[in-house]
Amino acid sequence: MGSLDGKVAIVTGAGQGVGQGIALALASEGASVAVLGRTMAKLEATCDLLRERGADAEPFLCEVSETESVPAVVAEVVSRFGGVDILVNNAYAGTYGLLLSMSDADFQKGFLSGPFAAFAFMKACHPHMKRRGGGNIVNLVSSAMVRWDPETFGAYAAAKQALRSLTRTAAAEWGADGIRANSIAPHALSPGLKRWMEANPAEAEEFCRRIPLGYVGDCEQDIGQAVVALVGPGMRYLTGATLPLDGGQAFFG
């Protein structure tokens with residue numbers, strides 16, 4: 001018996017990295033998982049891993065920044081699984097760089113795939129969660145929001161800070177419906193970070209030295225398992241919070 005038996009989860013950006021790690025952890029605790037993303041081959045690969053653990057999993061192609069298509073995707077998930085209990089807004093495609101070098105379109109890109117997309121998914125999932133007596137929303141933000149030196153991270157941090165505020169508002173407005181909404185700020189060994197660390201071993205060693213726990217988090221064991229705990233019954237009184245899953249690297253007031 002898993003702590004999430006009978007629950008249905010939607011995880012965006014679940015084809016690799018943190019999203020895949022969260023999907024694996026949820027599946028290992030008995031949840032059925034709708035695996036969303038832009039590349040079917042990656043989604044199928046994630047679903048294969050979930051099915052190996054005995055989970056019911058299905059891939060759904062979705063470009064989250066095309067928010068007008070989100071209600072139809074959620075409806076398709078509900079039709080396939082019978083409902084939705086957990087929503088993890090992980091997908092993000094933004095731009096990094098100095099503010100003066102950034103176009104309006106580049107700046108807006110992170111907002112479309114971040115808070116705008118999350119807002120669309122949250123609204124689309126709300127009636128289904130309410131119908132089932134409640135649910136859990138987990139939005140992924142970043143320690144870049146409180147980074148001491150935000151140079152080149154400005155657009156990213158702004159989008160994530162907006163998502164954090166959106167999460168707190170949903171927690172306040174939807175608590176009466178039994179829906180909890182929390183944020184996590186993960187620091188994990190994504191494919192991109194792993195490539196950088198392998199290509200820059202000296203810098204990577206210094207990078208890890210600055211993390212109090214001494215290592216970069218594992219996508220499933222450190223981030224996914226924390227999400228499992230967050231959406232489980234043991235955390236039923238926690239909502240509107242931001243959980244810094246970064247080994248102690250940043251502080252959230």
Task: Estimated distance in nm for a label pair at residue 210 and residue 176, the labels positioned 7 Å out from Cα along Cα-to-Cβ - done: 4.6 nm
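Rank-order 38-44, 192-198, 25-31 by packing density, defined as the average count of other C-beta atoms within 10 Å over each peptide's residues, highest first.
Numbers: 38-44: 15.3, 192-198: 12.6, 25-31: 23.9.
Descending mean neighbour count gives 25-31, 38-44, 192-198.
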Task: Positive-pole candidate from 227, 207, 217, dipole of the stretch 203-249, charges at beta carbon - done: 227
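Beta carbons within 10 angstrom, averaged per residue: use that to sort the peptides 233-239, 214-220, highest first.
Numbers: 233-239: 12.1, 214-220: 17.6.
In descending order of packing, they fall as 214-220, 233-239.
Please give the FRET efficiency for residue 148 paired with residue 235, using the beta carbon to beta carbon distance and R0 = 35 Å, rounded to the nearest 0.05. Provide the component values of the computation, followed by the final result.
Working: r = 30 Å, r/R0 = 0.85.
With R0 = 35 Å, the Cβ-Cβ based efficiency is 0.75.
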Open item on the list: So, R0 is 22 Å and r is the distance between the beta-carbons of residue 44 and residue 196; what FRET efficiency does that work out to, to 0.05?
Closed with: 0.25
Task: Long-range HN-HN contacts of residue 137 with modeled amide H, under 5 Å - done: 87, 180, 181, 182
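Place a +1 charge on the Cβ of each Lys and Arg in the stretch 1-144 and a -1 charge on the Cβ of each Asp and Glu, then give the dipole magnitude about the Cα centre in debye, rounded to the nearest 20. Mind dumping the intermediate values first?
Details: 11 positive and 14 negative charges, 68 e Å.
The dipole of the stretch 1-144 has a size of about 320 debye.
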TODO: Label the stretch 1-156 by shape, choosing from rounded, prolate and oblate, from the square roots a ≥ b ≥ c of the eigenvalues of the Cα gyration tensor; if a/c is under 1.5 it is rounded, and otherwise prolate applies when a/b is larger than b/c, oblate when it is not.
DONE: prolate
Open item on the list: Less than 18 Å apart at the alpha-carbon level, and either on another chain or at least 8 residues along: which aspartates and glutamates does that give for residue 42?
Closed with: 52, 56, 58, 63, 220
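Assign unit charges at the C-beta atoms only (+1 for Lys and Arg, -1 for Asp and Glu), then state the dipole size of the stretch 61-146 relative to its Cα centre in Debye, rounded to the nearest 20. Intermediate values should be presented prior to the final figure.
On the way: 6 positive and 7 negative charges, 92 e Å.
About 440 debye.
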TODO: For the stretch 111-122, take each phi angle, set θ = phi - 60°, evaluate the Karplus expression 6.51 cos²θ - 1.76 cosθ + 1.60, and give the result in whole Hz per residue in order, putting x for glycine and proline.
DONE: 6, 5, 7, x, x, 5, 5, 4, 4, 5, 5, 4
Open item on the list: Need the full-extension length gain, residue 98 to residue 1, defined as separation in residues times 0.36 nm minus the C-alpha distance. One decimal, nm.
Closed with: 29.9 nm
TODO: Please sort 61-71, 120-130 by packing, taking for each peptide the average over its residues of neighbouring beta carbons within 10 angstrom, highest first.
DONE: 120-130, 61-71
Task: Karplus 3J(HN,Hα) series, Hz, for the stretch 51-67 with 6.51 cos²θ - 1.76 cosθ + 1.60 (x for Gly, Pro) - done: 5, 4, 8, x, 8, 8, 9, 9, x, 9, 5, 7, 9, 5, 6, 8, 5
TODO: Report the extension gain between residue 130 and residue 61 in nm, rounded to one decimal, defined as 0.36 nm multiplied by the number of residues separating them, less their alpha carbon distance.
DONE: 22.3 nm
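How large is the dipole of the chain about the Cα centre if only Lys and Arg carry +1 and Asp and Glu carry -1, each at its Cβ, rounded to the nearest 20 debye?
Values: 21 positive and 26 negative charges, 129 e Å.
Charge dipole, the chain, about its Cα centre: 620 debye, nearest 20.
For the stretch 42-113, report the accessible area per residue in Å² (1.4 Å probe, heavy atoms, rounded to an integer). Present the calculation step by step, with values, prior to reporting the outcome.
Working: 3650 Å² over 72 residues.
Result: 51 Å² per residue.
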Open item on the list: Ignoring ligands, DNA and RNA, please state the percent of accessible area on the chain from carbon and sulfur, probe 1.4 Å.
Closed with: 54 percent
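The values are calculated or read from the model by the stated rules, or taken from the named source; none is laboratory data. As the structure is a computational prediction, the values presented were derived from the model and not from experiment. Quick reminder, even Gly has a Cβ in these numbers, built from the backbone with ideal geometry, and neighbours come from all protein chains shown. Accessible surface areas use protein heavy atoms only, side chains included; no ligands, DNA or RNA. Shrake-Rupley method; radii C 1.70, N 1.55, O 1.52, S 1.80 Å.
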